[in-house]
Amino acid sequence: SAVISQKPSRDICQRGTSLTIQCQVDSQVTMMFWYRQQPGQSLTLIATANQGSEATYESGFVIDKFPISRPNLTFSTLTVSNMSPEDSSIYLCSAGGLNTGELFFGEGSRLTVL
Amino acid sequence: GENVEQHPSTLSVQEGDSAVIKCTYSDSASNYFPWYKQELGKGPQLIIDIRSNVGEKKDQRIAVTLNKTAKHFSLHITETQPEDSAVYFCAAIPSLEKLTFGTGTRLTIIP
């Protein structure tokens, strides 16, 4: 299994600001993803973080709002830009191997926008 | 794309009894079906999974069954304990990436 560390674990931010969430995996993984989980809801995929190239975004999510970087096989960042209260949510990083299909999750970053 | 339905949304079970959570999926190409347990304030934890070439898999008190013809799979927890209380998510994956999650089941074990 992979151990995934996210930071910050939680933050309170002001409307209009941006926050970058970091995700570090303890081993080289093929796939990294970013999910959003609103209170009491299921997980929604934001994008696939591709190493060395632009992320692949799901419908409803755009690069200008959620820029993602993945400079190597073990690290990725998600930025939530120009935040509004609707962005208050838990953001989860996940990672896994292409061949195994198993995906593991970080503990999440709980974001509150005032 | 894949669509995963999960039932029930909430489930209360007396300690020691069994709990069953059911999921259906739409994409016949899906071939990997994991189950995640999420405790309050934590990320989802992979607890068991099953691949399409297997009909059943068991790990101590947890088992998962898969019916590919009917496109449904189930999580079975026997001899439930208070620490089993959590939200459980099923998921399906039609390709080598992009898990599609069910809506979740909040399981409460009554002491």
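Quick notes
- In segment B:78-107, residue farthest from B:E5 (Cα to Cα) [restricted to those that are polar (S, T, N, Q) and touching a residue at least 60 places away in the same chain (Cβ under 8 Å)]: B:Q81
- In segment A:63-114, residue surrounded by the most Cβ atoms within 10 Å (Cβ to Cβ) [restricted to those that are of a type in the set (D, E) and more than 22 Å from A:P39 (Cα to Cα)]: A:E102
- Every test in (1) under 29 Å from B:E5 (Cβ atoms); (2) within 13 Å of another protein chain (Cβ to nearest Cβ) is passed by A:D87 save one, and that test is (2).
- Some residue of segment A:39-49 being within 14 Å of another protein chain (Cβ to nearest Cβ), open to solvent by 30 Å² or more (accessible area, probe 1.4 Å), free of Cβ contacts under 8 Å to residues at least 40 places away in the same chain and over 20 Å from B:T100 (Cα atoms): no
- Residue count for segment A:1-17, restricted to those that are assigned to a loop (DSSP other than H, G, I, E, B) and either open to solvent by 70 Å² or more (accessible area, probe 1.4 Å) or aromatic (F, W, Y) (or both): 5
- Across segment A:51-72, not a single residue is classified as aliphatic (A, V, I, L, M), more than 14 Å from chain B (Cβ to nearest Cβ) and closer than 14 Å to A:V25 by Cβ.
- Qualifying residue in segment B:98-111 (condition: surrounded by fewer than 18 Cβ atoms within 10 Å (Cβ to Cβ), among the aliphatic types (A, V, I, L, M), farther than 25 Å from A:Q37 by Cα and away from chain A (no Cβ under 14 Å)): yes
- Taking segment B:61-97 as the range and being open to solvent by 50 Å² or more (accessible area, probe 1.4 Å) and either aliphatic (A, V, I, L, M) or touching a helix residue (DSSP H, G or I) at 6+ places or on another chain (Cβ under 7 Å) (or both) as the test, the residues that pass are B:A70, B:L96.
- Scanning segment B:17-51 for residues that are part of a loop (DSSP other than H, G, I, E, B) and open to solvent by 40 Å² or more (accessible area, probe 1.4 Å) yields B:D17, B:S18, B:S26, B:D27, B:S28, B:A29, B:N31, B:E39, B:L40, B:G41, B:K42.
The values are calculated or read from the model by the stated rules, or taken from the named source; none is laboratory data. Because the structure is predicted, anything quoted here is derived from the model rather than measured. Cβ atoms come from the backbone with ideal geometry, glycine included; neighbour counts cover every protein chain shown. Heads up: the accessible areas ignore ligands, DNA and RNA and are worked out on the full protein's heavy atoms, side chains in. Shrake-Rupley method; radii C 1.70, N 1.55, O 1.52, S 1.80 Å.
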